[in-house]
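Undergrad: Here you go, one structure.
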Amino acid sequence: MKLLTYEVNSKKLVGALNQEESWVYPISAAGMEYRDMKELIREIGPSEEEMLAYISGRAPYEVLGAAPLQDIKILSPIPVPDQDIICLGINYLEHAKESAKFQKEAFTKPEKAVYFSKRVNRTTDPDEGIPAHQKLTSQLDYEVELAVILKKDAKDVSRENVKDYIFGYTILNDVSAREVQTDHRQWYFGKSLDGFTPFGPWIVTSDSIEFPPRLTIQSKVNGELRQNSNTEMFIHGIDEVISELSQGMTLKAGTIIATGTPAGVGMGFEPPRFLKTGDVVECIIEGIGTLKNTVVE
């Protein structure tokens with residue numbers, strides 16, 4: 001099932017795609033009232049999930065408030081996260097190599113997961129512009145990532161039980177200002193500029209994707225394939241990451257974890273191929289969809 005936040009007739013709603021992915025049904029059609037996706041994630045139970053799945057299989061004329069997909073504006077599924085996004089650095093081996101080369105460092109395979117956070121005042125909607133921030137960077141880069149969203153608080157979770165804590169998955173473009181990263185010798189500032197978190201277009205619930213996910217993950221710039229890998233290539237898997245983090249901190253329901261990007265980012269080319277104003281970036285993950293944004297001034 002695919003759940004989304006959208007706007008229609010100047011109203012922001014939470015809904016589900018029908019099975020043909022041509023219509024959107026508001027969750028109110030299933031007798032539910034949630035203020036936003038965050039509240040839905042925290043409060044929805046198995047019976048409500050079953051009702052939503054049932055409604056998504058109905059014909060559009062049977063569902064009150066149904067709207068054709070082309071008549072709505074798709075928004076980021078979680079416009080304002082409750083906390084910073086937890087990110088994994090260099091979680092694909094080939095990206096670890098290209099990152100070390102760009103930074104003129106000796107390559108070593110990371111034995112332990114590399115964690116950092118990404119400040120997000122507001123995630124960027126599908127089709128919304130990515131600001132170039134030309135006063136701060138001339139090395140604007142893209143990173144397609146699978147994002148994992150938790151459905152309940154996680155504390156001291158075993159690796160075997162991690163899948164029971166996952167609400168669903170979506171796509172995140174971890175936009176980065178490379179020289180800001182290298183100049184400050186950390187990633188937080190260079191990845192947290194306004195507009196640097198395109199997110200969506202919707203959340204695919206965990207029951208729709210086999211665990212652990214083995215999904216083709218790609219990015220394109222102006223139609224040219226840049227990144228092309230599979231999430232089975234993670235160095236540190238989702239079960240390892242969530243279990244490890246939960247041993248020392250409570251991961252709250254709604255927590256977003258970005259699982260790292262594969263090789264093929266702009267800094268990995270010789271010479272580097274950074275983004276410029278007007279470039280169109282598509283982030284594509286099998287079973288989820290495409291997140292598309294254009295760089296703007």
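The values are calculated or read from the model by the stated rules, or taken from the named source; none is laboratory data. Keep in mind it's a predicted model, so treat the numbers as computed, not measured. Note that we place each Cβ from the backbone using ideal geometry, even for glycine, and neighbour counts take in every protein chain shown. Ligands, DNA and RNA are excluded from the accessible area calculation, which covers all protein heavy atoms including side chains. Shrake-Rupley method; radii C 1.70, N 1.55, O 1.52, S 1.80 Å.
Undergrad: Identify, by number, the condition in (1) outside any helix (DSSP H, G or I); (2) touching a residue at least 40 places away in the same chain (Cβ under 8 Å); (3) under 21 Å from T261 (Cβ atoms); (4) not charged (D, E, K, R) that I242 doesn't meet.
TA: I242 satisfies every listed condition except (1).
Undergrad: Let me ask you something else. Take region 91-118 and flag every residue that is modelled with pLDDT of 90 or more and either small (G, A, S) or open to solvent by less than 60 Å² (accessible area, probe 1.4 Å) (or both).
TA: Scanning region 91-118 gives N91, Y92, A113, V114, F116, S117, K118.
Undergrad: Looking for something aliphatic (A, V, I, L, M), farther than 18 Å from Y115 by Cβ and modelled with pLDDT under 95 - is there at least one such residue anywhere in region 267-274?
TA: yes
Undergrad: Another one. Which residues, counting only those in region 158-201, are among the hydrophobic types (A, V, I, L, M, F, W, C), farther than 20 Å from P272 by Cα and either touching a helix residue (DSSP H, G or I) at 6+ places or on another chain (Cβ under 6 Å) or open to solvent by 60 Å² or more (accessible area, probe 1.4 Å) (or both)?
TA: V162, I166, F167, F189
Undergrad: In region 252-272, which residue that is in contact with a helix residue (DSSP H, G or I) (Cβ under 6 Å, 6 or more places away or on another chain) and among the aliphatic types (A, V, I, L, M) is surrounded by the most Cβ atoms within 10 Å (Cβ to Cβ)?
TA: M267
Undergrad: Further question: Hey, does region 103-111 have a residue that's within 20 Å of the chain's Cα centre (by Cα) and in contact (Cβ under 8 Å) with a residue 24 or more places away in the chain?
TA: No, region 103-111 contains no residue that is within 20 Å of the chain's Cα centre (by Cα) and in contact (Cβ under 8 Å) with a residue 24 or more places away in the chain.
Undergrad: If you scan region 44-57, which residues turn out to be open to solvent by 30 Å² or more (accessible area, probe 1.4 Å) and either polar (S, T, N, Q) or modelled with pLDDT of 95 or more (or both)?
TA: Scanning region 44-57 gives a single hit, S47.
Undergrad: Further question: Restricting attention to region 255-274, does a residue exist that is out of contact with any His (no Cβ under 6 Å at 6 or more places or on another chain), of a type in the set (K, R) and more than 23 Å from D141 (Cβ to Cβ)?
TA: no
Undergrad: Next question. Working only within region 205-234, note down all residues that are open to solvent by 40 Å² or more (accessible area, probe 1.4 Å), assigned to a loop (DSSP other than H, G, I, E, B) and either in contact with a strand residue (DSSP E or B) (Cβ under 8 Å, 6 or more places away or on another chain) or of a type outside the set (D, E) (or both).
TA: Within region 205-234, F211, P212, R214, N222, G223 qualify.
Undergrad: Looking at D164 and the list (1) without any contact (Cβ under 8 Å) to a residue 24 or more places away in the chain; (2) more than 24 Å from A16 (Cβ to Cβ), which single condition is not satisfied?
TA: If we test D164 against (1) without any contact (Cβ under 8 Å) to a residue 24 or more places away in the chain; (2) more than 24 Å from A16 (Cβ to Cβ), just (2) comes out false.
Undergrad: Moving on. On the given criteria, is V148 over 13 Å from the mean Cα position of the chain (by Cα) and buried (at least 19 other Cβ atoms within 10 Å of the Cβ)? Reasoning before the result, please.
TA: On the way: over 13 Å from the mean Cα position of the chain (by Cα): no; buried (at least 19 other Cβ atoms within 10 Å of the Cβ): yes.
No; evaluated as a whole, the condition is false for this residue.
Undergrad: Looking at P68, P46 in this structure, which one is farther than 25 Å from R122 by Cα and either of a type in the set (S, T, N, Q) or touching a residue at least 24 places away in the same chain (Cβ under 8 Å) (or both)?
TA: P68
Undergrad: Of everything in region 23-66, what is among the charged types (D, E, K, R), out of contact with any helix residue (DSSP H, G or I) (no Cβ under 8 Å at 6 or more places or on another chain) and under 18 Å from K11 (Cα atoms)? Give them in sequence order.
TA: R35, D36, K38, E39
Undergrad: Where the second residue is modelled with pLDDT of 95 or more and open to solvent by 70 Å² or more (accessible area, probe 1.4 Å) and the first is more than 18 Å from K276 (Cβ to Cβ) and lies in region 208-228, which pairs have Cβ atoms under 6 Å and are six or more apart or on separate chains?
TA: Going by the 6 Å Cβ cut-off, the qualifying pairs are F211/K163; R214/E232; L215/E286; T216/E286; Q218/N228.
Undergrad: Within region 1-27, track down each residue that is of a type in the set (S, T, Y) and surrounded by fewer than 16 Cβ atoms within 10 Å (Cβ to Cβ).
TA: Matches in region 1-27: S10, S22.
Undergrad: Right, next: Can you tell me which residue within region 273-297, out of those that are on the phi > 0 side of the Ramachandran plot and not in a strand (DSSP E or B), is surrounded by the fewest Cβ atoms within 10 Å (Cβ to Cβ)?
TA: Residue satisfying both the conditions and the ranking: G278.
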